[in-house]
Amino acid sequence: EAGVTQSPTHLIKTRGQQATLRCSPISGHTSVYWYQQALGLGLQFLLWYDEGEERNRGNFPPRFSGRQFPNYSSELNVNALELEDSALYLCASSLRQGTYNEQFFGPGTRLTVL
Amino acid sequence: AQSVTQPDIHITVSEGASLELRCNYSYGATPYLFWYVQSPGQGLQLLLKYFSGDTLVQGIKGFEAEFKRSQSSFNLRKPSVHWSDAAEYFCAVGAREYGNKLVFGAGTILRVKS
């Protein structure tokens, strides 16, 4: 069974540009989560999508946005890039049944802002 | 709010020696607890989880963890470390009440010496 996939692996942008990161969840998973892993800041929760709706949002400015498509894949958009947006962006997916479900992570997209 | 503390930033152990990585959490009710491992430049791999029931949980790669409610701890153990265990380990807590997000500790980097 295929795991969570993310594209691209690496992305290099300049300050002020926009970045689009993509994620495909494990088959059968309806929830997709985005996390940022920046140097010195650790792993921080960004967004949670389920059934096409944004369900929860972390403490990030509005220029971080995303969406979930009918096939449950997801896109993270970062507008007006700043140098401090350089980080590894991790996508995770889970089922959404029962009390709680573990999240399975993809390999990440390394975003570098110059 | 949830929080997770991993007091050890770095740990070095000899190959074949036992390992214990510490994790303390703060949460009002019984949390959902996880340990993930991350190799350099990679995503997170789930080692084990605790939802309820038996407080000693077994995971992959020979790891186990024990949930101690009285100490708010969820320490990760392995009886005999292999060189391939060198990686960064993250403890995380999740809760539906907080919108399913995972809150991660700062991580512990494990070095294995031969």
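The values are calculated or read from the model by the stated rules, or taken from the named source; none is laboratory data. Nothing here was measured: the structure is a model prediction, and the numbers come from that model. A quick note on method: Cβ atoms are made from the backbone with ideal geometry, for glycine too, and the neighbour counts reach across all protein chains shown.
For the subset of the range A:66-112 comprising residues that are facing chain B (nearest Cβ under 8 Å) and aromatic (Phe, Trp, Tyr), which member is farthest from B:LEU33 (Cα to Cα)? For the range A:66-112, the residue satisfying everything is A:PHE105. I need the full set of residues from the range B:75-99 which are within 10 Å of the chain's Cα centre (by Cα) and more than 14 Å from chain A (Cβ to nearest Cβ), in order please. Hits for the range B:75-99 are B:ASN75, B:LEU76, B:ARG77.
Put simply, of B:ILE109, B:ILE9 the only residue that is more than 26 Å from A:VAL4 (Cβ to Cβ) and within 14 Å of another protein chain (Cβ to nearest Cβ) is B:ILE9. Considering the range B:1-12, and only residues there that are over 17 Å from B:PHE67 (Cα atoms) and among the β-branched types (Val, Ile, Thr), the residue that is surrounded by the most Cβ atoms within 10 Å (Cβ to Cβ) turns out to be B:ILE11.
Looking at A:ARG63, is it of a type in the set (D, E, K, R) and within 12 Å of chain B (Cβ to nearest Cβ)? Answer is no for this residue. Scanning the range A:67-109 for residues that are surrounded by fewer than 18 Cβ atoms within 10 Å (Cβ to Cβ), in contact (Cβ under 8 Å) with a residue 60 or more places away in the chain and under 18 Å from A:ILE12 (Cβ atoms) turns up A:ASN79, A:ALA80, A:GLU82, A:LEU83. When the range B:35-68 is filtered for residues that are within 18 Å of B:GLY105 (Cα to Cα), away from chain A (no Cβ under 14 Å) and out of contact with any strand residue (DSSP E or B) (no Cβ under 6 Å at 6 or more places or on another chain), only B:LYS68 remains. State whether the residues of the range B:69-86 include one that is assigned to a strand (DSSP E or B), among the small types (Gly, Ala, Ser), farther than 17 Å from B:SER3 by Cβ and touching a residue at least 40 places away in the same chain (Cβ under 8 Å). Within the range B:69-86 (the criterion being assigned to a strand (DSSP E or B), among the small types (Gly, Ala, Ser), farther than 17 Å from B:SER3 by Cβ and touching a residue at least 40 places away in the same chain (Cβ under 8 Å)), the answer is no, since none of the residues qualifies.
Inspection of the range B:13-25 finds a residue satisfying the criterion of being among the polar types (S, T, N, Q), surrounded by fewer than 14 Cβ atoms within 10 Å (Cβ to Cβ) and assigned to a loop (DSSP other than H, G, I, E, B). Of all the listed residues (A:GLN6, A:GLN44, A:GLN36), the sole one being within 13 Å of chain B (Cβ to nearest Cβ), in a strand (DSSP E or B) and in contact (Cβ under 8 Å) with a residue 60 or more places away in the chain is A:GLN6. Does B:ARG111 meet the test of being of a type outside the set (A, V, I, L, M, F, W, C), modelled with pLDDT of 95 or more and under 15 Å from the mean Cα position of the chain (by Cα)? Spelling it out, it is not the case that B:ARG111 is of a type outside the set (A, V, I, L, M, F, W, C), modelled with pLDDT of 95 or more and under 15 Å from the mean Cα position of the chain (by Cα). Summed over the range A:56-66, residues that are more than 18 Å from B:GLN2 (Cα to Cα) and either modelled with pLDDT under 95 or exposed (fewer than 15 other Cβ atoms within 10 Å of the Cβ) (or both) total 3.
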